[in-house]
Amino acid sequence: MFTKKTNFKPMKADAIVAAYRKNVLVFWILHALTVVVLIGIAVAVLTQKMTLINAAFSAVFMVILNYLFYIGRTYQYHMLSQVLNQCCDPVKSEKVFRALYESKIKKNISLLNVARAQYYQGKFQQALDTLQNVTRPKADSIDVFVYYNVMAYCYEGLGQMDMVIDVRERVKKVMNGMKENAPNLRNGQQLLTLIDGVLTFHEGSYSRSREIYEELFESSTFPLSRMTVLCKLAKMEQVTGSTRSAIDHCEYVLDAGGTTFYVKEAREIMALCRPKKKSAQETPEQPETAQQEETDDGAQSDPAEN
């Protein structure tokens, strides 16, 4: 079974999908067993081998158990997101969710996860194209903000900041339709903060952008979300001249960035931060200067010898 301790890094995509199918099959078998037990309880009541009160308690227990099996089955699918969130491997994540999509397993959410994996590989337009085939999740679903998150970041990657603003307005519209204490409201607010960080960064409001990203870094729980924040901070620090700090952030990204496009960005930022090496034309000047000095010394010693 997949748990928080499951390490997906050494596993291939096919092996992950196969393990998921096996885990789900186990839960379906457990579901079937609870139905068999419920039938047994009904038979016991009819044959007066069990009192009605005991049968009621037993039936309630089996219904609760059946619901827990449903939660466990759903949890197995949820754990597959760790391939991207924890392992920072969008290439493997795309293969996993595409296989599930093609098998018609949670088709809409699997396709959304495919688009998300494509974004983190730097395939911005391809991710947007995939997203067009995704039906927007319901407002009370946590996936609705994942949907808009991918969309906003893809538009940023393509440099279409007007569309990022449009996505922000769509997010606000979804939030306005929620109840005041809706559990999903916090996720929407976090997405608005992420988008505000994107907009302030591109507007050149680095002080405000830094505050936003530092706050987001403190609340980051997955390596992938930390990569996102650190790349933004590294870009900002490179522009503002804080090269040492930018390099430190880039080194962290290079170490933990996996197959995300953040690794490429980190290398580019580090190249801008480090001083350029002397060109090939400038390098030979030192020997020539030394040779000239020897010639000059020789010319000065000739009169003394005479």
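The values are calculated or read from the model by the stated rules, or taken from the named source; none is laboratory data. Quick caveat, the model's predicted, so the values are computed rather than measured. FYI the Cβ positions are ideal-geometry reconstructions off the backbone, even for glycines, and counts take in every protein chain you see. Heads up: the accessible areas ignore ligands, DNA and RNA and are worked out on the full protein's heavy atoms, side chains in. Shrake-Rupley method; radii C 1.70, N 1.55, O 1.52, S 1.80 Å.
Sorted from largest down, give the three principal axis spans of the alpha carbons of the stretch 65-117, whole angstrom values.
Here the Cα extents, ordered largest to smallest, are 37, 24, 13 Å.
Take peptides 73-85, 125-137 and line them up by average Cβ neighbours within 10 Å, highest first, as a rough protection proxy.
73-85, 125-137
Give me the percent relative contact order of the chain, please, defined on Cα pairs under 8 angstrom at least 6 residues apart.
Relative contact order for the chain comes out at 13 percent.
How big is the charge dipole of the chain about its Cα centre, in debye rounded to the nearest 20, if each Lys and Arg gets +1 on its Cβ and each Asp and Glu gets -1 on its Cβ?
3160
For the peptides 43-55, 148-160, 184-196, what is the packing order when you average, over each peptide's residues, the other Cβ atoms within 10 Å and list the highest mean first?
Final packing ranking: 148-160, 184-196, 43-55.
Considering only protein heavy atoms and a probe of 1.4 Å, how much of the accessible area of the stretch 1-81 is carbon and sulfur, as a whole percent?
Roughly 73 percent of what the probe reaches on the stretch 1-81 is carbon or sulfur.
Leaving out same-chain residues fewer than 8 places away, which lysines sit with a Cα under 19 Å from that of K4?
K12, K22, K92
Could you give the size of the charge dipole of the stretch 1-126 about its Cα centre, using +1 on the Cβ of each K and R and -1 on the Cβ of each D and E, expressed in debye and rounded to the nearest 20?
Dipole of the stretch 1-126, to the nearest 20 debye: 300 debye.
What whole-number value in Å² describes the accessible area per residue of the chain for a 1.4 Å probe?
60
L224: net charge of surrounding residues, Cβ under 11 Å, Lys/Arg +1, Asp/Glu -1, itself excluded?
Local charge sum for L224: +1.
If each DSSP helix of 4+ residues adds -39,500 (n - 2.57) and the sum is divided by the residues in the chain, what number results at 222 nm, nearest 500 deg cm²/dmol?
-25000 deg cm²/dmol
For L33 and Q189, compute 0.36 nm times the residue count separating them, minus their Cα-Cα distance, and round to one decimal in nm.
51.9 nm
What's the center-to-center distance, using Cα atoms, between the stretch 198-225 and the stretch 33-53 in Å?
59
Per 0.36 nm of contour for each residue apart, how much would the distance between S242 and N133 grow if the chain were fully extended, relative to their Cα-Cα spacing?
Using 0.36 nm per residue and subtracting the Cα-Cα distance, I get 35.0 nm.
Just R116, R226, R267 to compare: in a GNM of the chain, with alpha carbon springs under 10 Å, which one fluctuates most?
The residue with the greatest mean-square fluctuation here is R267.
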